[in-house]
1. Would you say Tyr316 is over 22 Å from Trp228 (Cα atoms) and either part of a strand (DSSP E or B) or of a type in the set (Ser, Thr, Tyr) (or both)?
2. Name the residue, out of Ser313, Ser336, Ser345, that is over 28 Å from Ser212 (Cβ atoms) and either of a type outside the set (A, V, I, L, M) or surrounded by fewer than 20 Cβ atoms within 10 Å (Cβ to Cβ) (or both).
3. Output the residues belonging to the stretch 127-141 that are surrounded by fewer than 19 Cβ atoms within 10 Å (Cβ to Cβ) and polar (S, T, N, Q).
4. Of the conditions (1) of a type outside the set (D, E, K, R); (2) in the same structural domain as Leu270 (by TED's automatic domain parsing); (3) outside any helix (DSSP H, G or I), Gly178 clears all except one; give me its number.
5. Restricting to helices (runs of 4 or more DSSP H) lying wholly in the stretch 336-390: which have 3 or more residues that are hydroxyl-bearing (Ser, Thr, Tyr), touching a residue at least 40 places away in the same chain (Cβ under 8 Å) and touching a Ser or Thr at 6+ places or on another chain (Cβ under 6 Å)?
6. Return yes or no: is Arg372 out of contact with any Cys (no Cβ under 6 Å at 6 or more places or on another chain) and modelled with pLDDT under 95?
7. Considering the stretch 86-107 alone, what residues qualify as being surrounded by fewer than 17 Cβ atoms within 10 Å (Cβ to Cβ), part of a loop (DSSP other than H, G, I, E, B) and touching a Lys or Arg at 6+ places or on another chain (Cβ under 9 Å)?
8. Suppose we filter Arg197, Arg222, Arg236 for residues that are free of Cβ contacts under 8 Å to residues at least 60 places away in the same chain and not assigned by TED's automatic domain parsing to the domain that holds Cys114; which single one remains?
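The values are calculated or read from the model by the stated rules, or taken from the named source; none is laboratory data. The model shown is predicted, which means the values in this text are computed figures rather than measured ones. Here the Cβ positions follow ideal geometry from the backbone for every residue, glycine too, while neighbour counts run over all protein chains shown.
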Amino acid sequence: MKRKKIVVMGFMGSMPIAGVIWQHVHYIVGLQRLGHDVFYIEDSARLPYNPETFEVTNEFDYAAHLLSRLAREFGFKNRWGFCARYLPRNPTAGLPLKTIRRLYREADAILNICGTQEFNDDLLVSDRILYIESDPGVEQIKIDNGVKSTIEYLRRHRALFTFGENIGTKVFPVPTHGFKWLPTRQPVVTDLWKTSRAPSSAAVFTSVANWSTSDLKDITWRGSKYLWSKSREFLRFINAPKESWETFELATNIEDGNTRRRFERSGWRLRCPLQMSVDYRLYRDYIRRSKGEFTVAKDQYVRLNTGWFSDRSACYLAAGRPVITQETGFTKNYGSRTGLLSFRSLDEIVDAVKAINGDYPKHSRSARILAREFFEAEEVLRSILDRAGI
């Protein structure tokens, strides 16, 4: 593949949460390994979040410090920029605005990670912006509901990619109205997660989740409301530890005391996610030390049969940690036997735990193989660029 100049645009500096950081790093490193000239740019009117002060603020010192550190560690030193569009004269850290504007003009591809990048006049000089949707369902429903701003925004992209691999097929109920959605999945640089250490005898199934997600992305379609939060799905399967005789640990921020006690009475261990959420190395260590992952999916992904799969779960697989997760239709494409088991019912959770415990080494090996076969960053990103005609 001929060397290209590629800009990755995202929000890991302005929302410096460990899972978000790894999601972006995999794109940057994966494209580097394909031999491309890769730059990372944040250029937004959204105010950044500072996890040290727990504030959303117009200061971007924390974001700049983090991006500089990540750039040194992951090979994009002197190739990153943060532009504060929310301030007069659009001050920057890293690359100056003049260089950022030139990158927009010259880039062979600009990846709009998670579809969160708002447009400005500088960016719109490019006709090679690729939309990468990590949260399928909402935008497709907005199109069907006739939301003009969504339709106009999506049409400005050269190509539309989505983690909802069933979108546009007969099993996904929402009409696409002529929009061509190309299936993709989270790229993972699997060797960044590999570990030769088997989990200890005390290791348990874990997961990391934001309990109090905003309901702003709840959406109504044809008389039914589809929820953004995972909380309702976790509550549906709250008895999973008791029924499977297995300990599940959830690193999450449940503030309601009654809800916490319900989980604890049902055999869950609850852990404060704060430290690992702001330290991407601790986050990786937590996954590597786990026996595997048990998690659910958001209501939207499940009921719309999107075929979505979690970027975090892909990291568990890359670490050789088996995953038990809620079915969204993804088993049409991969998984369901060893290493990655899906469920729709409590009984299927029990069966999955029993299967993994019956031959853990086999499931661990299969998890790693699945990660390399279906999520390896170089293959996922090569496919994106090829299908976008880059």
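1. It is true that Tyr316 is over 22 Å from Trp228 (Cα atoms) and either part of a strand (DSSP E or B) or of a type in the set (Ser, Thr, Tyr) (or both).
2. Criteria check complete, one pass: Ser336.
3. Listed by number, the list is empty, since nothing qualifies.
4. The one condition Gly178 does not meet is (2).
5. Where helices (runs of 4 or more DSSP H) fall fully within the stretch 336-390, none carries at least 3 residues being hydroxyl-bearing (Ser, Thr, Tyr), touching a residue at least 40 places away in the same chain (Cβ under 8 Å) and touching a Ser or Thr at 6+ places or on another chain (Cβ under 6 Å).
6. No, not satisfied.
7. Hit for the stretch 86-107 is Tyr86, nothing else.
8. So the residue among Arg197, Arg222, Arg236 that is free of Cβ contacts under 8 Å to residues at least 60 places away in the same chain and not assigned by TED's automatic domain parsing to the domain that holds Cys114 is Arg222.
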